[in-house]
Amino acid sequence: MMEDGRRDIKSLTLSELKEEVLSLGEPSFRAKQIYEWMHVKLVRSFKEMTNLSKAFREECGKRYRFTALFPVRVQESVLDGTKKFLFALEDGNVVESVWMKYKHGNSVCISSQVGCRMGCSFCASTLDGLERNLTPSEMLDQVYAITRLTGERVSNVVVMGIGEPLDNYENLLRFLGLLTDENGLHISQRSVTVSTCGIVPRMRQLAQERLQITLALSLHAATDEKRKRLMPVAKSYSIGELMEACAYYFQYTGRRITFEYSLIEGVNDTDQDARELAALARKLCCHVNLIPVNPVKERDFVQSRADRIQSFKNVLEKNQINVTIRREMGRDIDGACGQLRHRHMEGGQDAESIFHN
């Protein structure tokens, strides 16, 4: 239930929507019509649902909140065509999403929260703290809005933008259900990646859902001492506990874990760091994704040199670790998570007035 008493209709499953429609005295097939308008045709309001009577559309408008994000700003990279979107939410908050074009299809990286409370020391997302969780419909409509704006189908979705997805667990699960539902966009679970900084109880809970999504662990250091300096969550969960949770996830799902490892010059990028990472990775069915860290002006961290990154990769490969270096995309358009939102907030722009005008 939303604050004004209206239910968030785009966050309802098809079966829940059928119950709502029947309670209004309408035949159950109306639910399928509404669901298709929202999740297949991607309309932005009840007014666009032209096969419903005007009276019924007006009644729906009174009873239900219809989430439709508004693009405040769109930046396009001249380097690789990556597009970064800043979307206004109805309450005046803003979130970021990124559209990336690959040979294998289009990927969208979405946010799961407004801000973040995890406090990772190299990330711009956490600079302004956590404002609130996103609803399932607000997560969905980042994908839907980008599909409309680009005119191209999204084939892969990554929940790796602003926020910690497992800190918004119930809304995340509902979002995943709607995103992959055969009656909607029907994106394959295997085409969805969810990132976490390592909330161990939630990782284990997610494993028990037996979804076929990819779980990406933001590791960034192979020892507890070093990880605690980078990520406050490491003070709650040790690397030993994390590795056990990763093994548990693989046991329940059969899905290979991805280790995300941001390389920071002089912090975690030595050959010894690579050997320590290899020692962890070889015990699991996993893939290591090396990330040249995006510079954030509020942080002191510097991206590792190209030769150091290659040397780190070589050490992992000599230890038979499956490893790639993430292709840098959107570097010229505030590519790091949270940068565009933070800059927008610094400018004091009023997203709520933009949304409602």
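All of the numbers you see were taken from the coordinates with simple rules; none came from a lab. Everything numeric in this text was worked out from a predicted model, so none of it was measured. A quick note on method: Cβ atoms are made from the backbone with ideal geometry, for glycine too, and the neighbour counts reach across all protein chains shown.
Using only alpha-carbon positions in the chain, the gyration tensor eigenvalues give semi-axes of 38, 22, 18 Å once each is multiplied by 5 and square-rooted (largest first). Here's the list of lysines a cross-link from residue 47 could span, going by alpha-carbon distance under 25 Å and ignoring same-chain residues fewer than 8 apart: 10, 18, 32, 62.
Based on alpha-carbon positions alone, could you give the equivalent ellipsoid semi-axes of the stretch 70-149 from the gyration tensor, as √(5λ), descending, whole Å? Spell out each step's value before the answer.
Details: eigenvalues 96, 51, 27 Å².
In descending order, the three semi-axes are 22, 16, 12 Å.
In the stretch 7-65, taking the dipole from charged Cβ atoms about the Cα centre, the farthest positive-side position among 28, 14, 45 is held by 45. With the convex hull constructed from alpha-carbon coordinates only, the stretch 7-65 shows a mean projected area of 3.5 nm² over all directions. Gaussian network model of the chain, Cα springs within a sub-10 Å range: biggest mean-square fluctuation belongs to which of 280, 22, 14? Taking springs between Cα atoms under 10 Å, the residue moving most is 22.
Taking N as the number of residues in the stretch 1-100, what is its Cα Rg relative to 2.2 N^0.38 Å?
Working: Rg = 16.3 Å, N = 100, 2.2 N^0.38 = 12.7 Å.
Expressed relative to 2.2 N^0.38 Å, the Cα Rg reads 1.29.
If R0 is 35 Å, what FRET efficiency do you get for residue 79 and residue 153 from their C-beta distance, rounded to 0.05?
Here the calculated transfer efficiency is 0.90.
What residues of the stretch 147-175 lie in the reach of a label at residue 212, counting those whose backbone N is under 18 Å from a point 7 Å from the Cα along Cα→Cβ? Residues 155-158 fall inside that zone.
Gain in length, residue 181 to residue 132, computed as 0.36 nm per residue apart minus the alpha-carbon separation, to one decimal in nm?
Values: separation 49, 0.36 × 49 = 17.64 nm, distance 2.59 nm.
Between residue 181 and residue 132, full extension yields 15.0 nm more.
Report the residue, chosen from 103, 32, 318, that carries the largest GNM mean-square fluctuation when the chain is represented by alpha-carbon nodes joined by springs under 10 Å. The residue that fluctuates most here is 103.
Give a quick list of GluC sites (Glu not before Pro) in the stretch 259-325 that DSSP marks as loop, anything other than H, G, I, E or B, with at most 14 other Cβ atoms within 10 Å. Could the numbers behind the result be given before it?
Details: sites: 260, 265, 276, 298, 317; in loops: 265, 298.
Here the sparse-neighbourhood loop sites are 298.
The alpha carbon centroids of the stretch 159-238 and the stretch 127-153 are separated by 17 Å.
Which net charge results when you count Lys and Arg as +1 and Asp and Glu as -1 among the other residues whose beta-carbon is under 10 Å from that of residue 20?
Values: positive: 7, 18, 30, 63; negative: 16, 19, 26.
Result for the local shell: +1.
Restricting to the chain, compute how many DSSP beta bridges are antiparallel as a %, nearest 5. Walk me through the numbers on the way to the answer.
Working: 21 of 47 bridges.
Among the beta bridges of the chain, antiparallel pairing accounts for roughly 45 percent.
How big is the equivalent ellipsoid of the stretch 232-287 along its three axes, where each semi-axis is √(5λ) from the Cα gyration tensor, reported in whole Å from largest to smallest?
On the way: eigenvalues 95, 40, 19 Å².
After scaling each eigenvalue by five and taking roots: 22, 14, 10 Å.
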